[in-house]
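The values are calculated or read from the model by the stated rules, or taken from the named source; none is laboratory data. Since this is a predicted model, take the numbers as computed values, not measurements. Every residue, glycine among them, receives a Cβ derived from its backbone with ideal geometry; neighbour counts consider all protein chains shown.
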Amino acid sequence: MTGTHDLDTLLASMDPVMDPEVYVFVTLEDRRVPSGITPRMTFQEAEGTTLILSRTEAEAAALPYTFASRMITLNVHSALEAVGFIARIATALAEHGMGVNPVAGYFHDHLFVPEDRADDAMRVLRTFTG
């Protein structure tokens, strides 16, 4: 099952949905994920393991974290090799003074935007869909 490649179709048909949870980024130099933690994403880097998890979980496990953010899922099945989709979105958010940390899943792209700018990000994303 492949996703959409056409940039105009992707932008016009994406349906951005904001998750109610606040997420944070954690790094674990020893690479050991504490038991009971269910990260939204885990990524192995040379310096350690990066986790994206709820702020509630990070605080309950006493894990130091950074970048309190909201996750916006772009509900359109984008092909993993689609060209320009995230670049176009990141550019639009940057024009409004917002950074974004995108994560690609098999079916959808997910944007982690600053918690205090999440509503602004949703307004920007909706300009693509009319």
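List, please: which pairs have Cβ atoms under 7 Å, are six or more places apart or on different chains, and start with a residue in the stretch 1-20 that is in contact (Cβ under 8 Å) with a residue 12 or more places away in the chain and end with one that is outside any loop (DSSP other than H, G, I, E, B) and among the small types (G, A, S)?
Final answer for the pair search is G3/S78; T4/S78; L10/S78; M18/A118.
Working carefully through the options R55, R32, find the one that is in contact (Cβ under 8 Å) with a residue 24 or more places away in the chain and on the phi < 0 side of the Ramachandran plot.
Details: R32 fails: in contact (Cβ under 8 Å) with a residue 24 or more places away in the chain.
Answer to the check: R55.
Please work out if S54 is farther than 19 Å from D120 by Cβ and in contact with a Gly (Cβ under 6 Å, 6 or more places away or on another chain). Quick ask: steps written out before the conclusion?
Numbers: farther than 19 Å from D120 by Cβ: yes; in contact with a Gly (Cβ under 6 Å, 6 or more places away or on another chain): no.
No, not satisfied.
Look at the stretch 54-108 and say how many of its residues are out of contact with any Lys or Arg (no Cβ under 8 Å at 6 or more places or on another chain), modelled with pLDDT of 95 or more and among the polar types (S, T, N, Q).
Residues in the stretch 54-108 being out of contact with any Lys or Arg (no Cβ under 8 Å at 6 or more places or on another chain), modelled with pLDDT of 95 or more and among the polar types (S, T, N, Q): 6 in total.
Output yes when any residue across the stretch 109-123 is surrounded by 17 or more Cβ atoms within 10 Å (Cβ to Cβ), farther than 14 Å from R70 by Cα and either touching a strand residue (DSSP E or B) at 6+ places or on another chain (Cβ under 6 Å) or small (G, A, S) (or both), and no when none is.
Scanning the stretch 109-123 turns up no residue that is surrounded by 17 or more Cβ atoms within 10 Å (Cβ to Cβ), farther than 14 Å from R70 by Cα and either touching a strand residue (DSSP E or B) at 6+ places or on another chain (Cβ under 6 Å) or small (G, A, S) (or both).
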